[in-house]
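Note sheet for the following structure.
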Amino acid sequence: MTESGEPVIRVADLYKCYGDVKAVDGVSFTVAPGEVFGMLGPNGAGKTTTIEILEGLRRPDSGAVTVFGMDVTRHAESIKQRTGVQLQTVSLYPRLTVTELLDLFGSFYERHLPTKQLIDAVDLGERAKARSMNLSGGQQQRLSIALALVNDPELIFLDEPTTGLDPQARRSLWDLVKGLQSRGKTVMLTTHYMEEAAELCDRVAIMDHGHILEMGTVPELIGRRFKERAVFFDTTPQLPMDRLSKLDGVTRASQEDGQTLLYSRDVPGTIGTLLALADGLGVEPHNLGIRQATLEDVFLDLTGRALRD
Amino acid sequence: MNTLLLLTVANIKSLTRDRAALFWTFFFPVMFVLLFGVLFSGTGNSKVKVGWVDQDNSQASMGLHNAFANVPLLSLQSGTLDEEKTAMQHGDISAIIVVPSGLEAVVAKTNGKSSAALGLFTDPSQTQTTQVVQGIVAQIANGFNLQLANGSEIVKVEQLTLSSTNLSNVAYLVPSILAMALMQLGIFAAIPLVQQREKGILKRIGATPLARWKLVASNILLRLMVATIDGVLIIGIGIALFNVQIVGSVVAMAGLILLGAGAFLAIGFLLASFLKTEEQATGVVQVIQMPMMFLSGIFFSFDFMPSWLQSVARLLPLTYLADALRQVMVNGTQVAPLGVDLAILTGWLVVCLAVAARTFRWE
């Protein structure tokens with residue numbers, strides 16, 4: 001058992017190359033017991049490589065990586081007994097049923113939860129006798145979580161748990177993760193959905209090109225970069241950027257996909273001068289709105305590109 | 001042990017719930033035996049071809065020739081002993097009757113004290129034909145003796161054996177098709193392995209504390225079970241429907257089936273080490289198993305092949321498995337001594353397994 005205060009995961013100066021590609025290029029972080037820690041970043045950022053090293057699936061080139069205070073390469077077996085893993089790929093023995101798969105995976109561990117309890121935990125009771133190939137995407141994802149919980153783990157890794165799910169299925173998965181957290185489990189997840197990170201994670205690390213760019217709670221990350229709020233609108237044609245950045249209170253301006261985004265310290269002043277500018281040019285702004293800065297804005301600001309792609 | 005059992009059961013369920021896989025592993029070889037068996041077992045209406053070697057060239061031998069030629073079931077072709085032996089080995093004829101020189105002299109004496117022996121070459125593995133021919137020859141020799149020597153046995157029959165590698169011989173085909181089935185079950189094992197790696201199943205299992213050898217062992221157990229079932233099915237059909245005489249002991253056959261399956265499984269594992277995608281695996285496996293099937297003397301007698309092709313066949317492990325199975329099961333002709341067959345199969349098993357163990361990737 002982990003002593004209180006002692007991190008469940010400790011990663012210091014982790015490096016991992018594939019040929020010439022530096023997949024993980026000097027990463028350090030810790031995860032505390034009971035914490036939900038998220039790694040956010042686009043494909044190829046190094047999230048999956050990092051998590052797979054922690055899962056004992058890959059060896060680090062260099063760096064100190066410990067889970068439950070044990071070195072991941074030397075104590076992989078005992079770490080695996082106490083962790084649960086959900087990978088991006090889900091199709092496991094497509095012709096076995098939900099119950100059979102859970103029984104099988106349970107047998108891999110020294111101790112495991114009753115299959116019935118696991119099936120109820122992920123709400124797959126009605127599909128217990130269904131072959132995994134016949135499950136819907138959301139059901140497969142829930143099965144995959146149940147498989148990760150089979151040994152009642154203290155630490156659970158979720159690699160992009162909701163990728164490819166419809167909004168409803170995503171919601172129900174989020175509830176599952178929150179349930180894990182309330183039962184005191186430590187969770188480390190990767191995602192490229194900002195909302196998901198904001199909804200679930202106590203702390204987030206933003207990764208790109210093998211580096212952690214920024215790490216902290218979501219409000220911290222936003223507050224560190226954005227004192228401003230964002231004013232957004234559409235116009236055709238787009239207004240000239242040089243004029244927009246000189247409007248009252250505007251600190252930064254950006255345009256993407258026909259939408260203009262102005263970060264402002266003085267929202268009324270910005271809107272007033274914006275309308276005057278538009279009117280003068282004979283253009284009418286549509287879908288005008290104001291919002292707080294989000295993780296999305298943080299990411300855009302850090303990397304110069306949106307995360308969606 | 002419990003884990004190994006559950007994994008093996010999981011593999012068995014995966015196989016039995018997959019109709020396409022079931023077809024290839026069980027019905028395909030059974031279909032082959034049935035099809036070839038029915039096509040080529042028929043002595044039914046067709047005549048039995050018999051080689052006629054006349055070393056006496058006398059009136060007596062002419063008389064005998066006419067007697068045999070009048071049997072509607074036989075069709076005679078004359079030639080020297082060497083010619084006829086070659087023809088029989090190639091499966092063109094089913095038996096050879098040799099009339100020894102000196103028959104005329106024996107007949108002339110008719111004192112009942114000297115006798116001549118007709119040589120009769122038959123193939124013991126061709127049970128039905130052999131019995132028919134032996135019966136006819138005995139009957140005619142008997143008639144000859146009655147007519148010319150009042151029943152004293154001046155013409156005897158000397159039973160000789162000569163194995164034929166005969167396409168029309170189900171006894172030849174049964175071990176061959178069993179060898180084919182073992183080859184396929186071993187090499188085809190590469191496909192699900194590549195598939196499981198591609199889908200990340202191997203990786204997912206790698207994230208559990210399960211020891212990897214158990215995963216491999218459960219796979220081998222499943223395939224060896226399938227091999228045993230294939231063996232029972234194919235041999236059973238051979239015996240029950242086509243009256244094939246199995247001379248080998250159950251223990252020897254079982255051992256050989258497991259060795260053969262093991263050697264080809266090792267090849268399958270080796271292939272799975274190098275192939276990346278399921279499509280690639282399906283393609284490469286076909287490219288390997290199809291030519292091997294046709295170049296290893298399974299459907300075509302080894303002796304039929306031009307010598308360069310024989311050299312190719314001698315490189316293929318299937319040639320030796322089929323050869324060993326034929327020798328053990330039906331006393332068939334040999335491409336190589338049994339010991340050599342076993343050594344070569346063991347060699348393939350050990351080398352491929354060693355290389356696969358070093359090169360196999362789990363993701």
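The values are calculated or read from the model by the stated rules, or taken from the named source; none is laboratory data. Fair warning: this is a prediction, and the values are worked out from it, not measured in the lab. Backbone-built Cβ (ideal geometry, glycine too); neighbour counts: all protein chains shown. SASA here: full protein model, heavy atoms, side chains in, ligands and nucleic acids out. Shrake-Rupley method; radii C 1.70, N 1.55, O 1.52, S 1.80 Å.
Projecting the alpha carbon convex hull of segment B:257-330 along each direction and taking the average yields 5.5 nm². Considering only A:G125, B:A240, B:F23, and ranking their Cα positions along the charge dipole of the protein assembly as shown that arises from unit charges at the beta-carbon of Lys, Arg, Asp and Glu, the one farthest toward the positive end is B:A240. Kirkwood radius for segment B:189-261, taken over all pairs of different Cα atoms as the inverse mean of 1/r, rounds to 14.7 Å.
Accessible surface calculations at 1.4 Å, restricted to protein heavy atoms, place chain A at 44 Å² per residue. Under 5 Å between amide hydrogens, built in the peptide plane, is the criterion, and for A:M207 it picks out A:L40, A:G41, A:L213 among residues at least 5 positions away or on other chains. Considering only A:G137, A:G216, A:G272, the mean-square fluctuation computed in a Gaussian network model of chain A, springs between alpha carbons under 10 angstrom, is largest for A:G272. D by Stokes-Einstein for segment B:122-209, Kirkwood Rh over Cα pairs, 25 °C, 0.890 mPa s: 134 µm²/s. P(r) tail, chain B: Cα-Cα pairs separated by more than 35 Å, 38% of all pairs.
Screening chain B for DSSP H helices whose Cα atoms reach 30 Å or more along their own axis and whose mean Kyte hydropathy is at least 1.0 gives B:212-242, B:250-274, B:338-359. In the complete set of protein chains, residue-level accessible area for B:S311 is approximately 70 Å², probe 1.4 angstrom. Entry note, segment B:48-161: relative contact order of 28 percent, from Cα contacts under 8 Å with a spacing of 6+ residues. Only DSSP H runs of four or more residues enter the estimate; each adds -39500 (n - 2.57), and after division by the residues of chain B the mean residue ellipticity at 222 nm equals -21000 deg cm²/dmol. With coordinates expressed along the principal axes, the C-alpha atoms belonging to chain A extend over 74, 45, 39 Å, beginning with the largest. Estimated from the Cβ-Cβ distance and a Förster radius of 41 angstrom, the FRET efficiency linking A:S62 and B:E279 is about 0.65.
Expressed as a whole percent, the accessible area of the protein assembly as shown that falls on carbon and sulfur atoms is 56 (1.4 Å probe).
The contact between chain A and chain B removes approximately 2400 Å² from the accessible area (both sides summed; 1.4 Å probe; ligands, DNA and RNA excluded). The residues of segment B:48-161 have, on average, 48 Å² of accessible surface per residue, using a 1.4 Å probe with all protein chains present.
Placing unit charges on the Cβ atoms only, positive for Lys and Arg and negative for Asp and Glu, gives segment A:68-223 a dipole magnitude near 580 debye about its Cα centre. In order along segment A:18-32, the phi-based Karplus estimate (6.51 cos²θ - 1.76 cosθ + 1.60, θ = phi - 60°) of 3J(HN,Hα) comes to 10, x, 8, 7, 8, 5, 10, 10, x, 10, 9, 6, 10, 10, 8 Hz; Gly and Pro are listed as x.
In loop segments of segment A:199-300 as defined by DSSP, the trypsin sites (Lys or Arg not before Pro) with at most 16 further C-beta atoms inside 10 Å of their C-beta are A:K227, A:K246, A:R265. Of A:H112, A:G258, B:V287, which is farthest along the charge dipole of the protein assembly as shown in the positive direction, counting Lys and Arg as +1 and Asp and Glu as -1 at C-beta? The residue sitting farthest along the positive end of the dipole is A:H112. Charge dipole (Cα centre; +1 on Lys/Arg Cβ, -1 on Asp/Glu Cβ; no other charges) of segment B:48-161 amounts to roughly 320 debye. For chain A, leaving out every one of the GluC sites (Glu not before Pro) that falls in a DSSP loop and has at most 12 other Cβ atoms within 10 Å, the longest unbroken run is A:111-309. Loop-resident GluC sites (Glu not before Pro) (DSSP state other than H, G, I, E or B) in segment B:1-105 with no more than 12 further Cβ atoms inside 10 Å of their Cβ are absent. With contributions of -39500 (n - 2.57) from each DSSP H run of at least four residues, the per-residue ellipticity at 222 nm computed over chain A stands at -9500 deg cm²/dmol. For segment A:95-135, the set of trypsin sites (Lys or Arg not before Pro) satisfying both a DSSP loop assignment and a count of at most 10 other C-beta atoms within 10 Å is given as A:R111, A:K129.
Out of every Cα-Cα pair that segment B:48-161 contains, those further apart than 18 angstrom amount to 45 percent. With the largest listed first and rounded to whole Å, the semi-axes of the equivalent ellipsoid of the protein assembly as shown from the Cα gyration tensor are 81, 26, 20.
Database remark: amide H of B:L118 closer than 5 angstrom to the amide H of B:K156, B:V157, B:E158 (H placed geometrically; neighbours at sequence offset of 5 or more, or on other chains; Pro and chain starts carry no H).
Each principal axis of the Cα atoms in segment A:99-237 has its own extent, and those three values, largest first, are 57, 36, 28 angstrom. Towards the positive end of the charge dipole of the protein assembly as shown, with charges on Cβ (+1 Lys, Arg; -1 Asp, Glu), say which of B:A181, B:S163, A:Y93 has the farthest Cα. Projecting each Cα onto the dipole axis, the largest value belongs to B:S163. With 10 Å² as the minimum drop in accessible area between chain alone and full protein complex (1.4 Å probe), the qualifying residues in segment B:173-216 are B:Q196, B:K199, B:G200, B:I201, B:K203, B:R204, B:I205, B:G206, B:A207, B:T208, B:P209, B:L210. Computed from phi, the 3J(HN,Hα) profile of segment A:223-231 under the Karplus parametrisation 6.51, -1.76, 1.60 (θ = phi - 60°) reads x, 5, 10, 10, 7, 8, 9, 9, 9 Hz, with x in place of Gly and Pro. Could you name every residue in segment A:44-90 that has 20 Å² or more less accessible surface in the full protein assembly than in its own chain alone (probe 1.4 Å, ligands and nucleic acids excluded)? In segment A:44-90, residues shielded by partner chains: A:E52, A:L57, A:R58, A:E77, A:K80, A:V85, A:L87, A:T89.
Simple point charges give the picture: +1 on the Cβ of Lys and Arg, -1 on the Cβ of Asp and Glu, and for the protein assembly as shown a dipole about the Cα centre of about 1100 debye. All Cα-Cα distances of segment A:1-64, cut into 10 Å bins from zero to the largest, leave 20, 52, 24, 4, 0 percent in each bin in turn. Fraction of C-alpha pairs exceeding 21 angstrom in segment B:286-363: 35 percent, rounded to a whole number. Residues in segment B:171-311 average 37 Å² of solvent-accessible surface per residue, probe 1.4 Å, ligands and nucleic acids excluded.
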